[in-house]
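Remarks on the structure that follows.
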Amino acid sequence: GGYTCSCAAGYRLNANGRDCDDIDECATQMDCCQGNCSNTAGGDRCSCADGFYLDADGCRCLDIQECSLDNGGCEHTCIEEQGSYRCECRHGYAKDRYNSTQCHDINECHPATNTMISPELVPSKSPCDQRCVNSPGSFQCSCKELFRLRDDGRTCKRCPTCETFTQLESLVITLMEEIRVLRSEVNTLKSQQQPQQQQQLQPNAQPISALGPFPDFDGAQ
């Protein structure tokens, strides 16, 4: 008679024929793990790097789609990356200097007020030549009187015709005011003259009762 030794799954028989040694599946590439393989007694454990999750087959590591859940926590745009993601802001906005998921409007007109964004993203000066009005995600330039905005939408140039137009506009306003005053004076004079005219037209007017009986227009005598 005799005997034969055997080992459980995950082990192999030692050369002495009696002892069982653990098989390092990770070292021998017997495991299907595509992530981080950790050998255990009689088996192994597969894990995935940050930003990935282990598939149901226990082998594959799949990318976590962070943007699909609550936009990844991003205030504006969420962009998927391999094993990660990042938040981006719309044009005219910049990330909060302490929280990359939040965005702040860039005040191009008053750069000193941009205290919540990174200094390197703050414009050094206003983009407008003369006047600048900030708006959410944008800004608008305009020019002072007698100047006109160039095609670049930022710089101003002197406008000779604007000066003439301004003078004419001022003259028209003055004339309209004078006309209004004259019209008011004319209406006042009319209201004062109307009672006098009525008295001149009827100097001998008598009450109707003093004119005597009226003729009978029905033919009665």
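With the structure loaded, tell me whether Asp152 is open to solvent by 50 Å² or more (accessible area, probe 1.4 Å), free of Cβ contacts under 8 Å to residues at least 12 places away in the same chain and farther than 21 Å from Thr77 by Cβ or whether it fails that test. Yes. Of everything listed in (1) at pLDDT below 65; (2) out of contact with any Cys (no Cβ under 9 Å at 6 or more places or on another chain), the single unmet condition for Pro119 is (1).
Residue-wise test of (1) modelled with pLDDT under 70; (2) under 27 Å from Arg90 (Cα atoms); (3) outside any helix (DSSP H, G or I); (4) not hydroxyl-bearing (Ser, Thr, Tyr).
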{"position": "Thr115", "(1), (2), (3), (4)": "no, yes, yes, no"}
{"position": "Leu182", "(1), (2), (3), (4)": "no, no, no, yes"}
{"position": "Asn187", "(1), (2), (3), (4)": "no, no, no, yes"}
{"position": "Asp218", "(1), (2), (3), (4)": "yes, no, yes, yes"}
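Scanning the stretch 75-113 for residues that are in a strand (DSSP E or B) and not hydrophobic (A, V, I, L, M, F, W, C) yields Thr77, Glu80, Glu81, Ser84, Tyr85, Arg86, Glu88, Tyr93, Lys95, Asp96, His104, Asp105. Scanning the stretch 135-150 for residues that are farther than 21 Å from His104 by Cβ and not in a strand (DSSP E or B) yields Cys143, Lys144, Glu145, Leu146, Arg150. Check whether at least one residue in the stretch 33-44 is open to solvent by 30 Å² or more (accessible area, probe 1.4 Å) and either touching a Pro at 6+ places or on another chain (Cβ under 9 Å) or within 30 Å of Cys103 (Cα to Cα) (or both), and report yes or no. No: the stretch 33-44 contains no residue that is open to solvent by 30 Å² or more (accessible area, probe 1.4 Å) and either touching a Pro at 6+ places or on another chain (Cβ under 9 Å) or within 30 Å of Cys103 (Cα to Cα) (or both).
One residue stands out in the stretch 45-60 among those that are in contact with a Cys (Cβ under 6 Å, 6 or more places away or on another chain) and closer than 30 Å to Gln102 by Cα: the one that is most open to solvent (accessible area, probe 1.4 Å), namely Phe52. Could you list, in sequence order, all residues of the stretch 122-149 that are exposed (fewer than 12 other Cβ atoms within 10 Å of the Cβ) and closer than 14 Å to His91 by Cβ? Residue satisfying the conditions is Pro136 alone.
Being open to solvent by 60 Å² or more (accessible area, probe 1.4 Å), over 26 Å from Ser118 (Cα atoms) and in contact with an Asp or Glu (Cβ under 7 Å, 6 or more places away or on another chain) is a property that Gln65 has. If the condition is being open to solvent by less than 70 Å² (accessible area, probe 1.4 Å) and either in contact (Cβ under 8 Å) with a residue 24 or more places away in the chain or assigned to a strand (DSSP E or B) (or both), then the stretch 1-13 contributes Ala8, Gly10.
When each of Tyr93, Tyr85 is tested for being modelled with pLDDT of 95 or more, in contact with a His (Cβ under 8 Å, 6 or more places away or on another chain) and of a type outside the set (Asp, Glu), the lone residue that passes is Tyr93.
Kindly establish whether Glu88 is among the charged types (D, E, K, R), without any contact (Cβ under 8 Å) to a residue 40 or more places away in the chain and either touching an Asp or Glu at 6+ places or on another chain (Cβ under 9 Å) or open to solvent by less than 50 Å² (accessible area, probe 1.4 Å) (or both). So Glu88 fails the test.
The values are calculated or read from the model by the stated rules, or taken from the named source; none is laboratory data. The shown structure was predicted, so the numbers you read here are calculated from the model rather than taken from an experiment. Note that we place each Cβ from the backbone using ideal geometry, even for glycine, and neighbour counts take in every protein chain shown. What goes into the accessible areas is simple: the full protein's heavy atoms, side chains included, and nothing from ligands, DNA or RNA. Shrake-Rupley method; radii C 1.70, N 1.55, O 1.52, S 1.80 Å.
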